[in-house]
Structures are given as structure tokens and as C-alpha cells.
Amino acid sequence: PHVHQRILVTGGAGFIGCNLVRHLLDRTDASVTVLDKLTYAATPAALDDLPEARFSLVVGDVADPTVVDPLVADHDAVVHLAAESHNDNALRDPAPFVQTNLVGTFTVLEAVRKADVRLHHVSTDEVYGDLALDDPKRFTEDTPYRPSSPYAASKAGSDHLVRAWVRSFGVRATISGCSNNYGPWQHVEKFIPRQITNILAGRRPRLYGAGEHVRDWIHVDDHSAAVLTILERGRLGETYLIGADGEHSNLEVVRMILRLMGRGEDEFDHVADRPGHDLRYAVDAGRLRNELGWLPAYGDLEAGLARTVAWYTEHQHWWSPEKAATEAAYAAKGQ
Ligand code: NAD
Ligand code: DAU
């Protein structure tokens, strides 16, 4: 494996980033720097108790080369997560998605090209569009790109930039495309935390449309372990899909949460559907399993959800300041 001593994590104050930083500090001897703009989505509180000798936070914009170039040159690997990540926000205002996800990735690519630094680009299964409910096939690394939403299109474009920089400039990069994550520190705008915190706040869960849409859920710690595996042992220039065989309809997930929280299975509301709503995502992670030996440790969604419900119950002080504004933005769209 390629061992890295100084790892730069862009977007490391976000949901996946803060969990990944902990994983890197626990599982390697590397020191870790986070570059993060601290947007509404950041949770710097999640980084408060990290060891000062091995961790630092730089506040800055990933699309600003005067910040990114010297930082990148001072590290031997970059894991790039900084992005606007929420589909519903992209439908309200796509501008920051194009700026951060495309121009930000371009800025990182130019920096790693100039300094010859190893890059891992964290992307999503949404670049492949959606599948029919009864399609026996799942997404693989060979599935054609067919993004549906402004968020997915911006991530798809960022993947194309990375591949072009690998082929044209010999940049040493890998890409991963992960399915839907859940776990601690996820913003209350996202599906699972929104429903758990709705119930904790005395509201009912909100299901878009009929709830037949399927997502392929993976615990965020399994995503982190996969990213570290690819960073250390992935083939340069290669893409690896990450998923844990966790397909469930949104209706099933809402009912699981209601059951776990001692409520009736039908104590939720149907609300306006998301425009352009992708019907189903499903990931075949065969390449990552067979080539690099990665396996998910959290197989069972219901057990993972039970721990996540407990976590949100214990961290009300963290999420409650965000809750009212998040719900007001949804209410304005009938959601
Ligand atoms: P998040 O929204 O929770 O966190 C994003 C972080 O990026 C925040 O800390 C934010 O402050 C930072 N950021 C935003 N714009 C920035 C800028 N211009 N400069 C520097 N920092 C900036 O997102 P997340 O769910 O943790 O997702 C992280 C990455 O993983 C994204 O690239 C996303 O596309 C990808 N991904 C997410 C999932 C998922 O299920 N959440 C699945 C697959 C891939
Ligand atoms: O597939 C990976 C992607 O997963 C990541 O790339 C994105 O960054 C991440 O946000 C996530 O995208 P989704 O759009 O699938 O996640 P979200 O949590 O917004 O919604 C999950 C499903 O639940 C989706 O079908 C919409 C639905 N939903 C969402 C909310 C917020 C509801 O039914 N009710 C809700 O209140």
C-alpha cells in the first residue's frame, strides 16, 4: 500500500468529511489538514476534540487557487470532498453547485498537477441517473453517465474533469462513487436525519410522493473505510463504486424509523414530490470487493438506524439550531 504522511481533506468539516477525518486519524499515522469554507453544511463542532499535533483546520474556499495551491503543495495526498451536496438546494439555486463542484474540482486538479500530489476524488452514484424499480442490473463503473439533477450533473462534470486530467496530464488520481450515506453528523436537511429529528421535535416524517423511490444505504464509516482502501491500494486512473447492498424504498425507511422510535407505522405525511426525482439507485461494488478486498462492516440498515436514532436523540443541542430554518425552506416548497 501507498502510505501517506500528510493528508489534505477538502470539505472535511461536512458530514462525510468529519467522519472520514476521524477514521484517518484512527487507522493511519498520518497528520490531517481540513480545508473547508464552513458553509451552512459544515459541522466544525465534530472536529473540536481532535489531537492538535496531528490535526488542523484551514478555513477557505476550494475554488480559490491562492489558498489551494500552497496547501496542496504542502501535503502528499488530497481527498477531495468539498461540494454542495443537497439536491433540494440545487433545485432552489444551482449556482453554488456549479461554482464549488466544478470550479472547485478544477482548482484542486490544477494544484495537484503543479505539485504532483496524489488525489482521491469523492463522487456519487447519482452520476449514472436512475434505474427502473424492476431493473435486475445495478450501477457498475461501466454504466454510462446520465445525470438527472443539477447536483448530479455538477458531480458528473467533476468526474469528467478528473479523468481528463489523468489522461492528459498524468495526474495521479482515483475516483469513488458512493451510494446514500447515513450516520452521525448528517445535516437535518437530508432524508434520514430529517425524519428522526421531525419525530424528536414533535412533527411527522415527510415522504416525497408515494415513497416508492429506492436508495441504496451505506453507513458513513463503511464509506470512510472504502476511501482509505482506495487511497492506499487503488489503481491510479481507476473508478471504484462503493455500496453495501442496502436498497430500501423511502416508505420502508420511514416505517423503520417510526417503529424504532415507538410510533405507529402510518404516522407520516405525504408531501409534494421532488421535481425530476430519481426513482432508484443501486450500486454493484464488485470491483472494490474483488480487487481491493473491501467489505462493509455495517450490513443491517435497521441496526444502523437504531444507533443513528440514539445519536440524534443525544445530540439535540447540535441539530436543533438548524432545524427551524431547514423546515421553513421545505415548507415554502410544500415539502
Ligand atoms: P456536506 O454538505 O455535509 O459537506 C460538504 C462540506 O463541504 C461542508 O463542510 C462545506 O462547508 C464544505 N464546502 C462547501 N463548499 C465549499 C467550498 N467552496 N470550499 C470549501 N469547502 C466547501 O456533504 P457530504 O454529504 O459530507 O458529502 C461530501 C462529499 O461526498 C460530496 O462531494 C458529495 O458529493 C459526496 N457524496 C455524498 C454522499 C452522501 O450520501 N452524503 C454520497 C456519495 C458522495
Ligand atoms: O446517492 C448519493 C447521494 O445521496 C449523494 O450524492 C448526495 O449528496 C446525498 O444528498 C444523497 O442524495 P439523495 O437526493 O438521494 O438524498 P436525500 O437525503 O435528499 O433524499 C433521499 C430520498 O428521500 C430521496 O428519494 C428523496 C427522499 N426524501 C427526502 C427528504 C429530505 C423524502 O421522501 N422526504 C424528505 O423529507
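What list of ³J(HN,Hα) values in whole Hz, one per residue of segment 145-155 in order, does the Karplus curve 6.51 cos²θ - 1.76 cosθ + 1.60 (θ = phi - 60°) give from phi, with Gly and Pro shown as x?
Karplus values, whole Hz, x for Gly and Pro: 6, 8, x, 9, 10, x, 4, 4, 5, 5, 6.
Given the Cα-Cα distance of residue 99 and residue 48 and 0.36 nm per residue of separation, how much length would full extension add, in nm? Each step should come with its number before you reach the end.
On the way: separation 51, 0.36 × 51 = 18.36 nm, distance 2.84 nm.
The span from residue 99 to residue 48 would gain 15.5 nm if fully extended.
Hey, if you put +1 on the Cβ of every Lys and Arg and -1 on every Asp and Glu Cβ in segment 181-283, which of 192, 217, 250 ends up farthest toward the positive end of that dipole?
Ranked along the dipole, the leading option is 192.
Which ³J(HN,Hα) values in Hz, rounded to whole numbers, follow from the phi angles of segment 194-203 under the Karplus curve 6.51 cos²θ - 1.76 cosθ + 1.60, where θ = phi - 60° and Gly and Pro get x?
4, 6, 4, 6, 4, 5, 4, 8, x, 10
Give the longest segment of the chain that steers clear of trypsin sites (Lys or Arg not before Pro) in DSSP loops with at most 13 neighbouring Cβ atoms within 10 Å, not counting the sites themselves. Spell out each step's value before the answer.
Working: sites that count: 137, 235, 333.
Counting at most 13 other Cβ atoms within 10 Å as exposed, the longest clean stretch of the chain is 1-136.
Under a crude label model (7 Å from the Cα following the beta-carbon direction), how far is residue 38 from residue 235 in nanometres?
If labels sit at residue 38 and residue 235, their model points lie 4.3 nm apart.
Pop a pseudo-label 7 angstrom from the Cα along the beta-carbon direction at both residue 317 and residue 116 and give the gap in nm to one decimal.
5.0
How many percent of Cα pairs in the chain exceed 35 Å? Provide the component values of the computation, followed by the final result.
Details: 9334 of 55945 pairs.
That fraction is 17 percent.
At 7 Å along the Cα-to-beta-carbon direction for both residue 277 and residue 307, put a label point, then send me their distance in nm to one decimal.
Reported label-point gap for residue 277 and residue 307 is 3.0 nm.
Taking the Cα centre of segment 153-227 as origin, sum charge times position over the Cβ atoms of Lys and Arg (+1) and Asp and Glu (-1), and report the length of that vector in debye to the nearest 20. Spell out each step's value before the answer.
Numbers: 10 positive and 6 negative charges, 47 e Å.
Result for segment 153-227 is approximately 220 debye, rounded to the nearest 20.
Which of 241, 109, 200 ends up with the largest GNM mean-square fluctuation for the chain, with Cα atoms connected below 10 Å?
200
Using +1 on the beta carbon of Lys and Arg, -1 on that of Asp and Glu, and nothing else charged, what's the dipole of the chain about the Cα centre, debye to 20?
That gives the chain a dipole magnitude of about 260 debye.
Relative to the longest principal axis of the C-alpha atoms of the chain, give the angle of the C-alpha long axis of helix 15-27, reported between 0 and 90° and rounded to the nearest 10°.
Between helix and principal axis, roughly 50 degrees.
Using a Förster radius of 25 Å, what is the FRET efficiency between residue 66 and residue 163 based on their Cβ-Cβ separation? Nearest 0.05, please.
0.40
Give the distance, in whole Å, between the Cα centre of segment 194-232 and the Cα centre of segment 23-42.
Each part reduced to its Cα centre gives a spacing of 21 Å.
Please list, ordered by chain and number, the residues whose modelled amide H lies under 5 Å from the amide H of residue 139; skip anything fewer than 5 residues away on the same chain.
Residues meeting the amide H criterion: 282, 283, 284.
For residue 124, list long-range residues whose amide hydrogen, built 1.01 Å from N in the peptide plane, is under 5 Å from its own amide hydrogen.
Those qualifying (amide H under 5 Å, at least 5 residues apart or on another chain) are 178.
Springs between alpha-carbon pairs under 10 angstrom, Gaussian network model over the chain: which of 93, 222, 49 fluctuates most?
49
What lysines sit close enough to residue 333 to cross-link, taking a C-alpha to C-alpha distance under 28 Å and skipping anything fewer than 8 places away on the same chain?
Residue 333 reaches 37, 155, 190, 323.
Only counting other Cβ atoms within 10 Å, I'd like 52, 247, 232 sorted with the fewest neighbours first.
Final ranking by Cβ density, sparse to dense: 52, 232, 247.
Give the Cα extents of segment 81-154 along the principal axes, in whole Å, largest first.
Here the Cα extents, ordered largest to smallest, are 47, 31, 15 Å.
Can you compute 3J(HN,Hα) from phi for each residue in segment 45-54, using the Karplus curve 6.51 cos²θ - 1.76 cosθ + 1.60 with θ = phi - 60°, rounded to whole Hz and x for Gly and Pro?
Along segment 45-54, the couplings run 4, 5, 9, 4, 9, 7, x, 4, 5, 10 Hz.
Bear in mind these aren't lab numbers, they're just calculated from the coordinates by the rules spelled out. Predicted model only: the values in this text are computed from it and were never measured. Virtual Cβ from ideal backbone geometry, glycine too; neighbours counted across all protein chains shown.
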